[in-house]
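Step one of this worksheet: look at the structure below.
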Amino acid sequence: MIESTIAELLSKATLKLYGQMPPESLIQIQKTRPEFTGDYTVVVFPLLKISKKNPEQTALELGKYFIDNSNEITDFNVIKGFLNLSVSNTYWMEFFNRILPDNRFGFSESKDIPSVVIEYSSPNTNKPLHLGHVRNNLLGWSVAAILKANGIPVKKVNLVNDRGIHICKSMLAWQKWGQSATPETTGQKGDKLVGDYYVLFDKEYKKEIKTLVDNGMKEDEAKNSAPILLEAKLMLKKWEDGDDQVRKLWYEMNQWVYAGFDITYSRMGIDFDKVYYESETYLLGKALVEDGLQKGILFKKEDGSVWCDLTLDGLDEKLLLRADGTSVYMTQDLGTAQLRYDDYHPGKLVYVVGNEQNYHFDVLKLVLKKLGKEWADSIEHLSYGMVELPEGKMKSREGTVVDADDLMEEMYQTAKTTTEALGKFDDFTEEESHQLYNVLSLGALKYFILKVDPKKTMTFNPAESIDFTGNTGPFIQYTHARIKSILRKADEAGYPYLDIKIDWNDSNEKEKSLLKLLHDFPQVIQQAGENFSPALIANFAYEVAKEFNQFYHALIILKEEDEATRTFRLQLSFVTARTIRQAMKLLGAEVPERM
RNA sequence: GGUCCAGUAGCUCAGUUGGAUAGAGCAGCAGCCUUCUAAGCUGCGGGUCACAGGUUCGAGCCCUGUCUGGAUCACCA
């Protein structure tokens, strides 16, 4: 990397000129802004302490040193306290000839280190996946891909919250009003069917609360004593006691949901190395709690409920087992963490979970630590922001949830009408068109979601469908298809461009800025990995596409008469297309050959 | 009320961890298809970076306070 070369030279220069090596924090190297000449810029202000001279003087002295002592730096200029360095064409040429045949440019070799286990998706089995899950799934999948690109071994896991009061609610409502409806008899997707009964339960529950309140009960009390809720609670208890009938119904309804989820996952392109089920981990969690209780780390209240005291850590007391002995969310998460640790002994346990659960994960780590699990420190909560609608948070009960399947279907239709309106590809078969619409709609959706910094709350306006022009997935995909079209024509014309070394030293501005941008790819992948941020990849892909389109409009490629120049431009186009494809792949998005 | 997060153009978002005149897209206006894909390119207009102090050569970024919005502090998951 040229940056590190410059940094080293800078250290040597200050040592030679001013008798001191600067600490790393004082070395600031950045890319030169386009309005100035040069490729890289050294900020000299921090070095004045060492040089004890004014900025201009210091920069001049350093600049001279660079020229005299390096082959890579050919020129410099000083503006205010900024030392702009020009890197030799030889460096850029060698760099380009190196990456041209390197199909893994930007990717690291696999490292022999403990793997990272990354959990994402984590659906509840009482309702279908919605836009919030979409962000979760896309983030988790993409971060996993990015970590792999950094050479880190990754295990992708899903934890299905398949038990608990929520699924009992759906089961109960189905028992009462379902009339034995199944996905087969209704033709409805299983997760949708079960979700409908969850909504039904909630309606009835609200009704009962209202009745109780009308009869003079306080609202809080009513919420806890509505008959239908008591019935659901009873069902949960029966479930934990292993009641045959309850278990059978539970199993059947969950199977419906899984069949539905599988369709959604598969369409979205989301997969896992391993799926955990809460019903298989919560007992382990209970055992951990019992153990902690015996060791006196946890305590029992008079009613029999078990708690962890976190008040000394600035948090509250946390319930771990209810008075009736049933477990809560935290209980099973303790068990899952333990199980996962035993399965993989990972270097890191990453949880992709919304930021509304920040507190939960603080508590989880603390409780595990108290229970003596040193590896609790390797737990990292990849906390992402909510997806909101223009009018605020999505509420399933108010019907403002954006369903994942509906969203994908809508995007598909948009891709279809947009493509048809442009009137290209009459020669496409139905299958080819279908493929294209899929690639475009998912590319648009994935890019739209992943280009936003994961930590930030993002807004989605269902009324305005996701764009296909401007800073979008299809724009990037289009650029790829456009390049592929040129490369096909080059093949037809019999212009070879691979395996040829061009001795290029007279570069056009547009060529060079594109090349310099491609040069950044490895650092972008590295940074995206360190920050768990697909957004960095997305923004990079956009910049590359934009830069290429400017290059494309400014210069001719195929019809360029000078053979060397033409070949170089074809090579540059080729590397650009490859980089775009790989960057998009890290987001889980495909790129089409034609569009 | 406690804790945490956020506030950048009409809208949706960037801003390389403190550097040069704060950038894109959408929306609006004006141009460019007999050069290789116009899902593209070029130009114009649009900003008190919520507000007030502070730190320093330099602050959208760091610190303090204020305002606004959100999350959370559940025997829901």
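The label-point distance for A:Asn531 and A:Met21, in a model that sets each label 7 Å from Cα toward Cβ, rounds to 2.9 nm. The Cα center of the range A:82-126 and the Cα center of the range A:310-352 differ in position by 35 Å.
The Rg/Rh ratio for the range A:307-365 is 1.00, where Rg is the radius of gyration of the alpha carbons and Rh is the Kirkwood radius. Dipole of chain A computed with +1 at Lys/Arg Cβ and -1 at Asp/Glu Cβ about the Cα centre; of A:Val402, A:Thr5, A:Tyr351, farthest Cα towards the positive end is A:Thr5. Once the Cβ-Cβ distance of A:Glu280 and A:Lys546 is raised to the sixth power relative to R0 = 45 Å, the FRET efficiency obtained is 0.40. A simple spin-label model places pseudo-atoms 7 Å from Cα toward Cβ; at A:Arg104 and A:Glu3 they are separated by 2.3 nm.
Ranking A:Thr576, A:Thr417 by solvent-accessible area of protein heavy atoms (1.4 Å probe, all protein chains present), from largest to smallest, gives A:Thr417, A:Thr576.
The residue list A:Leu200, A:Val328, A:Phe574 was ranked by how far each Cα lies along the charge dipole of chain A toward its positive end, using unit charges on Cβ atoms, and A:Val328 comes out on top. Its Cα centre serving as origin, the range A:179-245 has a Cβ charge dipole (Lys and Arg +1, Asp and Glu -1) of approximately 240 debye. Under the simplified labelling scheme, the A:Asp243-A:Asp303 pair shows an inter-label distance of 2.1 nm, with each label point 7 Å from Cα along Cα→Cβ. The dipole here belongs to the range A:340-427: it is taken about the Cα centre, uses +1 on the Cβ of Lys and Arg and -1 on the Cβ of Asp and Glu, and is about 700 debye.
Straight-line cross-link reach from A:Lys295 at under 21 Å between alpha-carbon atoms covers these lysines, not counting any fewer than eight positions away in the same chain: A:Lys286, A:Lys318, A:Lys365, A:Lys369, A:Lys370, A:Lys373. Between the alpha-carbon centres of the range A:227-260 and the range A:441-513 there is a gap of 49 Å. For the range A:558-576 versus the range A:166-203, the spacing of their alpha-carbon centroids is 61 Å. Taking every DSSP beta bridge that has both ends in chain A, the antiparallel portion is near 50%.
Computed packing ranks the peptides A:365-371, A:515-521 as A:515-521, A:365-371, most packed first, by mean other Cβ atoms within 10 Å.
Each helix, a run of at least 4 DSSP H residues, gives -39500 (n - 2.57); summed and divided by the residues of chain A, these come to -18000 deg cm²/dmol at 222 nm. For q = 0.05, 0.12 Å⁻¹, what log10 I(q)/I(0) does chain A give under the Debye formula with an equal point scatterer on each alpha carbon and no solvent? Results for chain A at q = 0.05, 0.12 Å⁻¹ read -0.31, -1.24. Think of chain A as having a plus end and a minus end, set by charges on the Cβ of Lys, Arg, Asp and Glu; of A:Tyr478, A:Ile27, A:Ile270, A:Ile27 sits farthest toward the positive end of this dipole. Report relative contact order for chain A in percent, whole number only (criteria: Cα-Cα under 8 Å, sequence separation at least 6). The value is 14 percent.
Checking the cross-link pairs A:Lys192/A:Lys223; A:Lys203/A:Lys395; A:Lys12/A:Lys49; A:Lys155/A:Lys446 against a 18 Å limit on the alpha carbon distance flags A:Lys192/A:Lys223; A:Lys155/A:Lys446 as lying beyond it. Packing around the peptides A:293-306, A:172-185, taken as the average count of other Cβ atoms within 10 Å per residue, puts them in this order, highest first: A:172-185, A:293-306.
The shape of the range A:198-308 comes out oblate: with a ≥ b ≥ c from the C-alpha gyration tensor, a/c is at least 1.5 while a/b does not beat b/c. Take A:139-148, A:211-220 and order them by the average number of nearby Cβ atoms within 10 Å per residue, most first; the result is A:139-148, A:211-220.
What part of the accessible area of chain A, given as a whole %, is carbon or sulfur when the probe is 1.4 angstrom? So the carbon and sulfur contribution to the accessible surface is 49 percent. Summing Cβ point charges (Lys, Arg +1; Asp, Glu -1) relative to the Cα centre of chain A gives a dipole of roughly 880 debye. The residues of chain A have, on average, 47 Å² of accessible surface per residue, using a 1.4 Å probe with all protein chains present.
Across the range A:499-595, the relative contact order, built from alpha-carbon pairs under 8 Å that are at least six residues apart, equals 35 percent.
The values are calculated or read from the model by the stated rules, or taken from the named source; none is laboratory data. None of these values were measured; they are calculated from a predicted model. Note that we place each Cβ from the backbone using ideal geometry, even for glycine, and neighbour counts take in every protein chain shown. For accessibility, only protein heavy atoms count, side chains too; no ligands or nucleic acids. Shrake-Rupley method; radii C 1.70, N 1.55, O 1.52, S 1.80 Å.
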